[in-house]
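Everything on this sheet refers to the single structure shown next.
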Amino acid sequence: RAAKAKKVEDEAKVVANLLAGIEARRRIGLDRFIFALGIRHVGETNARLLARNFGSVGTLGEAAIKAGEGDEEAKAAFTSIDGLGEVVAEAMVDFFGEEHNRAMLAALLAQVTPEPLEAVSTTSPVAGKTVVFTGTLEQLTREEAKAMAERLGAKVSGSVSAKTDIVVAGPG
């Protein structure tokens, strides 16, 4: 009997942990949410740009719908973002122009809460600079370093080019 009671108690704990894990994942970064929508031409980088510039799914959707209705100012809201262009603007218009996509989005938003990204600094010494990370970093993972540089207003690149301002090299 004691073994059976212990097993039931363990199973209850597993179920409680599972439910707690699901509840904790209901909050997601807006950039990850936009990326997960699977919009054509919107990868992680473009999703981050859209999240930083629009701040919410609602604002993003409204701009895309207005752009689809011919509002030039709304279209300019997409094309004026450094790194985005006509192709991404058109992809956003196409996605939000479909009723079934808006219905799916509403159903998703009933289950999860996309959270805005931290504000980007415009006063840090690296704001506006292009940074490249190379080698193994000692104190941060590459993703942590990239996220920190972006929060400080830097543009992170994967390779050195003529536009590179700063190279952060690990030992060796």
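Before moving on, here are some points about what is shown:
- The residue pairs whose first member lies in the range 25-51 and is free of Cβ contacts under 8 Å to residues at least 40 places away in the same chain, whose second member is among the hydrophobic types (A, V, I, L, M, F, W, C) and open to solvent by 50 Å² or more (accessible area, probe 1.4 Å), and whose beta carbons are closer than 7 Å, counting only pairs six or more residues apart or on different chains, are GLY43/PHE35; GLU44/PHE35; ALA47/PHE35.
- Filtered residues of the range 56-86 (kept if part of a loop (DSSP other than H, G, I, E, B) and of a type in the set (Val, Ile, Thr)): ILE81
- Pairs linking a residue in the range 85-107 that is more than 18 Å from ALA51 (Cα to Cα) to a residue that is assigned to a helix (DSSP H, G or I) and modelled with pLDDT under 95, with Cβ atoms under 6 Å and 6 or more positions apart or on different chains, are GLY97/GLY68.
- Any hit, the range 120-138, residues being open to solvent by 50 Å² or more (accessible area, probe 1.4 Å), within 23 Å of PHE33 (Cβ to Cβ) and out of contact with any helix residue (DSSP H, G or I) (no Cβ under 8 Å at 6 or more places or on another chain): no
- Checking ALA89 against (1) part of a loop (DSSP other than H, G, I, E, B); (2) closer than 26 Å to LYS155 by Cβ; (3) modelled with pLDDT of 90 or more, the condition it does not meet: (1)
- Unmet requirement for ARG40, which otherwise passes all of (1) closer than 25 Å to GLY128 by Cβ; (2) open to solvent by 40 Å² or more (accessible area, probe 1.4 Å); (3) of a type outside the set (Val, Ile, Thr); (4) under 17 Å from the mean Cα position of the chain (by Cα): (1)
- The single condition among (1) aliphatic (A, V, I, L, M); (2) open to solvent by 60 Å² or more (accessible area, probe 1.4 Å); (3) within 23 Å of ARG27 (Cβ to Cβ) that LEU60 does not satisfy is (2).
- Test result for ALA74, in contact with a Lys or Arg (Cβ under 6 Å, 6 or more places away or on another chain) and modelled with pLDDT of 95 or more: no
The values are calculated or read from the model by the stated rules, or taken from the named source; none is laboratory data. Note that the structure is a prediction, hence the values are computed from the model and not measured. In this analysis, Cβ positions are derived from the backbone assuming ideal geometry, glycine residues included, and neighbour counts consider all displayed protein chains. Note: accessible area is taken over every heavy atom of the protein model, side chains too, but ligands, DNA and RNA are not part of it. Shrake-Rupley method; radii C 1.70, N 1.55, O 1.52, S 1.80 Å.
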